[in-house]
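Where a number appears in this text, it was derived from the coordinates with a stated rule and is not lab data. From a predicted model like this one, the values you see are computed outputs, not experimental measurements. Every residue, glycine as well, gets a Cβ built from its backbone with ideal geometry; the counts of neighbours run over all protein chains shown.
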């Protein structure tokens, strides 16, 4: 199959997945008890007269048939209108426009750090199996996998604030282009926390791939022909291990998007995760649906890119 | 990089001065009229005072808008935009004299027409004001001159004055009401003016130069949403916020007293186990009394909030506070509980289910577990079902529970508190789960009585009726906390939940 056809097939699959996600999110949200009125006024709903309640239901769009709500939302979304937040009455696109760059920046910086940690320690470990370098790598890997990011994040915040009176994230978030120095300080710590988990998984994959590739015949042949050590490591080992590393990185980037939800809470970052949690609590359906769809789109897009990357990295996959 | 390396790097950067730690933020002098940042887990959601229900919305808009009367720190009704008032016609007419020279943020002068328009807007069904019932007895609102307003009630109702203190009945310009701009552009008479709202992030106000009480010293007040109380504590210690509004005593204790003033105040709410008394074993008054007597309130207070609060009866605070907290068992009495069980024909005990929602009240599960163990001592088995917030609210509103651990708002006026649950035609009669003619009459008598001595007697009778029949099991009132940097002077946390920040009008930054 040609590269083009492969991409088309995957793109169709992506659209199907996104549609499925939109249906599931829509149904699940409606299965939850309560509605936007309940979330907005709480037990005070009981104090409202029937006329007042009717006015509120109309205001929040409660009571319309679910099918009508879904297709109304789907049609609007496909035409680029994500609707209006039931709580803030702001355009959902504006809310997402303000929070998406924060999450993207966090995810990208975390991924870069995670790949550096994972590939660096993984190569180091794989090149020294059974020795102390391997033990160090394995320790980093186990710690990264075993310590939940919310615990690591909380501990880091407590240490920085109580011991060093330093918690840059608690200042109003600074954009990358408005105040780069403050922005870096605000992003780097949550990114480090997220990157440890990501890096640990990549580390293990890289180590295993390096060990596997270094035992293959072509590797021994290359060494026998007198290839320099650096050329052997980067041209023969690294490039051949790259497919596995890219696969794991893609998977981790998807999970990393989910990880940002809790980390943004701990580090007070006004990103998509915080927007999602607040909107769920408020039963702000238009926001929840759109944010979830964007998270899902991010996940499948990353997988699509990984597939494309396979084709680029390993020509053999194009012929399957 | 490991976390140790991260910390080491930060230490190095701090040592070289590359990173501004803000460590001196708690003590660094602020310019006069500077910015005060308050950290809270909540966020301002709406800016129309007639429709808000969220505590922080009340607190924020309470600095922008004002009401005709207000509650002071002793929970007494005092003047605000009305300087004096008088009941007449057998407590069926209330005449209020307005403060003169008060200006709205748009520069216009407040008159009686604005008050009439504001109260009529609150009463209108289309507004959906949750406090409209506080002036439900008012049949006519009329201006009698530029600075006088007359409210006519359908029946004697002195509690209407207490109701007028809520931000839901704030005074706004008639012109803004007509223009329909209230929901988007706050325009009040209070010490601060609306500046900006960033959804789920911050709410900013600036000092009102035309405030009738004098321009506030602090130039800008920002309410910053910080999702967790631990993060608020961290931000305080980093010096990036000056006040943290907290509810968890465990978090407050982690903050050093050397750098901050820690304020705590019993808030105007109460925890109770609400019972559905019209069906099942709880229909039997002696079964309910057995629960009341077997309940160790002190233990529940300890387990739920580490003892940091006060055991209370139906009226937690104010001049009519319930004392003793229960007419039948002010303290735990297992022998009496067993006697009540025997009288109920349930000597071997009985079982029921109580709902909690840790989403709505993080202490409710601890309350429930403590109570479960106390009740088990006399053979009463209490099952616990924890629900998500909206599920809890739905079941609560529909009375679909046997018992519910609840945190309810309180008021110094018992009629305002319980008229909505137990009064004739009460809005919340279903979740209240109990009704009786005697309760209705007691509430009406207290509401119609305008003498302090008479009301005290009426409300004592009401308290005894509620606790003697174990209508619900009232438990405790907990503290609210404000951790304040020492650079903030003159701020005092108010016990009135909805106006906790009111002292900012007179506070300053050093």
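If each of residue A:234 and residue A:93 carries a label point 7 Å out from its Cα toward its Cβ, how far apart are those two points in nm?
In this crude label model, residue A:234 to residue A:93 measures out at 4.6 nm.
What FRET efficiency do you get for residue A:49 and residue A:135 if R0 is 45 Å and r is their Cβ-Cβ distance, rounded to the nearest 0.05? The partial results should precede the final answer.
On the way: r = 71 Å, r/R0 = 1.58.
The value I calculate is 0.05.
For a quick check, take a GNM of chain A with Cα springs below 10 Å and name the residue from A:57, A:35, A:282 with the largest mean-square fluctuation.
A:57
Classify the protein assembly as shown as rounded, prolate or oblate, taking a ≥ b ≥ c as the square roots of the eigenvalues of its Cα gyration tensor: rounded when a/c is under 1.5, otherwise prolate if a/b is larger than b/c and oblate if not.
Working: a/c = 2.00, a/b = 1.74, b/c = 1.15.
Prolate, because a/c is 1.5 or more and a/b exceeds b/c.
Calculated FRET efficiency, residue A:112 and residue A:23, Cβ-Cβ r, R0 56 Å, to nearest 0.05?
On the way: r = 35 Å, r/R0 = 0.62.
After rounding to 0.05, the efficiency reads 0.95.
Compute the separation of the alpha-carbon centres of the range B:481-510 and the range A:22-57 and state it in Å as a whole number.
For the range B:481-510 versus the range A:22-57, the Cα centre distance is 35 Å.
Per 0.36 nm of contour for each residue apart, how much would the distance between residue B:451 and residue B:376 grow if the chain were fully extended, relative to their Cα-Cα spacing? Intermediate results must be reported in sequence, preceding the final value.
Numbers: separation 75, 0.36 × 75 = 27.00 nm, distance 4.50 nm.
The span from residue B:451 to residue B:376 would gain 22.5 nm if fully extended.
Once label points are set 7 Å from the Cα along Cα→Cβ at both residue B:88 and residue B:334, what is their separation, rounded to one decimal in nm?
Calculated label separation equals 6.3 nm.
With a ≥ b ≥ c the root eigenvalues of the C-alpha gyration tensor of the range B:390-510, is it rounded (a/c under 1.5), prolate (a/b larger than b/c) or oblate? Mind showing how you got there, number by number?
Values: a/c = 2.80, a/b = 1.60, b/c = 1.76.
In terms of gyration-tensor shape, oblate.
Tell me whether chain B comes out rounded, prolate or oblate; compute the Cα gyration tensor, take square roots of the eigenvalues as a ≥ b ≥ c, and use a/c under 1.5 as the rounded threshold. The partial results should precede the final answer.
Values: a/c = 2.20, a/b = 1.15, b/c = 1.92.
Here chain B falls in the oblate category.
May I ask you to derive the FRET efficiency for residue A:74 and residue B:35 from their Cβ-Cβ distance with R0 = 30 Å, giving the value to the nearest 0.05?
Numbers: r = 44 Å, r/R0 = 1.47.
The calculated FRET efficiency here is 0.10.
Most fluctuating residue of A:291, A:302, A:28 in a GNM of chain A with Cα springs under 10 Å: which is it?
Answer for the Gaussian network model of chain A: A:28.
Using Cα atoms only, what is the angle between the long axis of helix A:50-60 and the major principal axis of chain A, expressed in degrees (0 to 90) to the nearest 10?
Tilt relative to chain A: about 30 degrees.
Can you give me the Cα centroid spacing of the range B:37-65 and the range B:367-392 in angstrom?
That distance is 33 Å.
Sort B:153, B:371 by Cβ crowding within 10 Å, fewest neighbours at the top. Walk me through the numbers on the way to the answer.
Numbers: B:153 21, B:371 28.
Going from sparsest to densest Cβ surroundings: B:153, B:371.
Roughly how many Å is it from the Cα centre of the range B:232-280 to that of the range B:142-206, as a whole number?
Cα centroid of the range B:232-280 versus Cα centroid of the range B:142-206: 29 Å apart.
Under a 10 Å cutoff between Cα atoms, tell me which one of A:22, A:13, A:141 has the largest fluctuation in the Gaussian network model of chain A.
Residue with maximal mean-square fluctuation among A:22, A:13, A:141: A:13.
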